[in-house]
Amino acid sequence: MTTAVRFATHIKKPINTLITINAAHLQRIGSGSIFDIGHLWDGCRDFLELLRKWVTHRGLTWSCIWVREYTGGRNDHHGEHWHIAIHLPRHHQADLASQISTWTGEAAGETDGKKKCIAKSTTGAWYINQRYDNAGEYLGKATPPTRPRYGRRVPNQHRQCFKYRGGDGPIQGKRFGISKPIGETAQARLGWTA
């Protein structure tokens, strides 16, 4: 993911906006749309497709990485949530917040006062913020430090994030993805190496 984010910057479509959707919370409170379905992997795919169409309809490149994570604990926001990092010029940010409010059924509330906050919902079901660092590091935080190999645990070479940790609870379905315009094939086509 960190390589895809660097490539997105290289092609002048930097990933600069992070959307966090607390999908399990929206499903618990009975939010409509894609959260009414039984399995959140289906909802994630539907949400990503809505977002992709929304972005490309504005003539923008679908420069996106995403991850599904699980938060344990006893708070009101436990369960599955999604982090979706995209390329989005500033003049589209308010429109995106309005659209996510419509898709989730959760109205936008007051920002939390942090410089990075673009918008957030009234109950914390979604949050949009500006990314100033490599979003791939943050989204890769759920990558486990070790992996099984021949019955033993060995270091995981795919782990690129050491600054953050968490989100690696149970997820059914695909855990992460990188959009085609910034994926390995697009990188190879331009002869780009990290």
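Structural remarks
- Among the numbered conditions (1) modelled with pLDDT of 85 or more; (2) open to solvent by 30 Å² or more (accessible area, probe 1.4 Å), the only one that Gln27 does not meet is (1).
- Every residue from region 93-109 that is surrounded by fewer than 20 Cβ atoms within 10 Å (Cβ to Cβ), touching a residue at least 40 places away in the same chain (Cβ under 8 Å) and more than 9 Å from Ala119 (Cβ to Cβ): Gln99, Gly105
The values are calculated or read from the model by the stated rules, or taken from the named source; none is laboratory data. Keep in mind that what you see is a predicted model, and the values were worked out from it rather than measured. Positions of Cβ are backbone-derived with ideal geometry, glycine not excepted, and every protein chain shown enters the neighbour counts. When the accessible area is computed, the model is the full protein with side chains, heavy atoms only, and any ligands, DNA or RNA have been set aside. Shrake-Rupley method; radii C 1.70, N 1.55, O 1.52, S 1.80 Å.
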